[in-house]
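**Q** For reference, the structure I am asking about is given below.
Bear in mind these aren't lab numbers, they're just calculated from the coordinates by the rules spelled out. Bear in mind the structure is a predicted one, so any value in this text is a computation, not a measurement. Glycine gets a Cβ as well: all are built from the backbone with ideal geometry, and neighbour counts include every protein chain shown.
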């Protein structure tokens, strides 16, 4: 951080598979991405409303030897570029490549970043000016919501469909007095 203090902002922590894109199982390449309906619109809405927008995702396909960390990083760079072209800015991404039943020795562990643990959320909040008040998690699984709760944030379970409509509803709920 520079000598200028960054103003704290609320954050939207979004799971990847099942929220940003369809969860088609172990997605490590862009040819397998199927975007959730109105994902760019939803992220743009969050941007306009003053939220930092983060993706946090378990990627056990790395631990299972299905793809590499580099593959995931390349996929994420491509996703960020595609979303930016559509007017949607993701501020940062964290992923956990570990899994206790993995097959690649260096990734076999129940890592503190692996959801439902809140490690990825803690890391993002340490590196960005996250204001807890007004921040929230959107996920498609209980483990996403549990990670948010462990970090002290409300969680919203997304079951698919129009992500922009869902985000608009979440923002309305969060801003209630």
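**Q** Taking the Cα centre of each part, how many Å lie between the stretch 129-177 and the stretch 15-40?
**A** About 18 Å separates the Cα centre of the stretch 129-177 from the one of the stretch 15-40.
**Q** Separate question: Using alpha carbons only, how many degrees (0 to 90, rounded to 10) separate the axis of helix 69-85 from the longest principal axis of the chain?
**A** 30 degrees
**Q** If you count, for each residue, the other Cβ atoms within 10 Å and average over each peptide, how do 15-22, 85-92 line up from highest to lowest?
**A** Values: 15-22: 22.0, 85-92: 15.2.
So the order, starting with the most tightly packed, is 15-22, 85-92.
**Q** Of the listed peptides 138-144, 111-117, what is their order by residue-averaged count of other C-beta atoms within 10 Å, with the highest listed first?
**A** Working: 138-144: 20.4, 111-117: 18.4.
Those peptides, ordered most packed to least, come out 138-144, 111-117.
**Q** Compute the helix-to-body angle for 163-174: its Cα long axis versus the longest principal axis of the chain, expressed 0 to 90° and rounded to tens.
**A** 50 degrees
**Q** To check you understand DSSP bridge types, tell me what percent of the beta bridges within the chain (both residues inside) are antiparallel, rounded to 5.
**A** Counting DSSP beta bridges with both partners in the chain, the antiparallel share is about 5 percent.
**Q** How large is the helix-only mean residue ellipticity at 222 nm for the chain, computed as the sum of -39500 (n - 2.57) over DSSP H runs with n ≥ 4, divided by its residue count, in deg cm²/dmol to the nearest 500? Provide the component values of the computation, followed by the final result.
**A** Values: 5 runs with 57 residues, N = 177.
Value at 222 nm, helices only, nearest 500: -10000 deg cm²/dmol.
**Q** Mind pulling the angle between the C-alpha long axis of helix 39-48 and the longest principal axis of the chain? Nearest 10 degrees, somewhere in 0 to 90.
**A** 40 degrees
**Q** What is the pair-distance distribution P(r) of the chain, computed from all Cα-Cα distances in 5 Å bins starting at 0, with each bin given as a whole percent?
**A** Percent of pairs per bin, in order: 1, 9, 17, 21, 22, 16, 8, 4, 1, 0.
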